[in-house]
1. List, please: which pairs have Cβ atoms under 9 Å, are six or more places apart or on different chains, and start with a residue in region 41-59 that is touching a residue at least 40 places away in the same chain (Cβ under 8 Å) and under 23 Å from T28 (Cα atoms) and end with one that is among the small types (G, A, S) and in a loop (DSSP other than H, G, I, E, B)?
2. Just one of K64, K86 is basic (K, R) and over 20 Å from S123 (Cα atoms); which is it?
3. Hey, can you tell me all the residues within region 80-119 that are outside any loop (DSSP other than H, G, I, E, B), exposed (fewer than 14 other Cβ atoms within 10 Å of the Cβ) and in contact with a Ser or Thr (Cβ under 9 Å, 6 or more places away or on another chain)?
4. Scan region 73-82 for residues that are over 20 Å from W113 (Cβ atoms) and under 14 Å from the mean Cα position of the chain (by Cα) and report the count.
Amino acid sequence: QVQLVESGGRLVQAGGSLRLSCAASGRTFSSYAMGWFRQAPGKEREFVAAISWRASTSYSDSVKGRFTISRDNAKNTVYLQMNSLKPEDTAVYYCAAKRTELLYTRSSGYDYWGQGTQVTVSS
């Protein structure tokens, strides 16, 4: 069982930056693929970024070049650095985990989810 707790979401102006964190419980964090997803009001949850246990990464086209996913296995934490934020980035951001060596970009592939953290980007 893995518990995930996101933090770092807040109100920020367009063009600004935020770093989201996701702290995971458990001793085998390094064996998990991790992902960030987001859900805006009235929209479906969508993929943002993912990182494998070997630190391979994948990004959605909408955030590529602006967001960076990283992990610190010693701290059982995955990060999402978000730069050049746009109002359309406004959403609840969720962290997810799956014990696998593969890289997963589909939400259905993840076994564990955090409660989410709100990111609001004002224009």
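Please treat every number below as a calculation from the coordinates, not as lab data. Bear in mind the structure is a predicted one, so any value in this text is a computation, not a measurement. Neighbour counts run over all protein chains shown; Cβ positions are idealised from the backbone, glycine included.
1. Correct list of pairs: A50/S56; S58/S52.
2. Just a single option satisfies the conditions, and that option is K64.
3. Passing the criteria: P87, E88, Q118.
4. Qualifying residue count for the region: 1.
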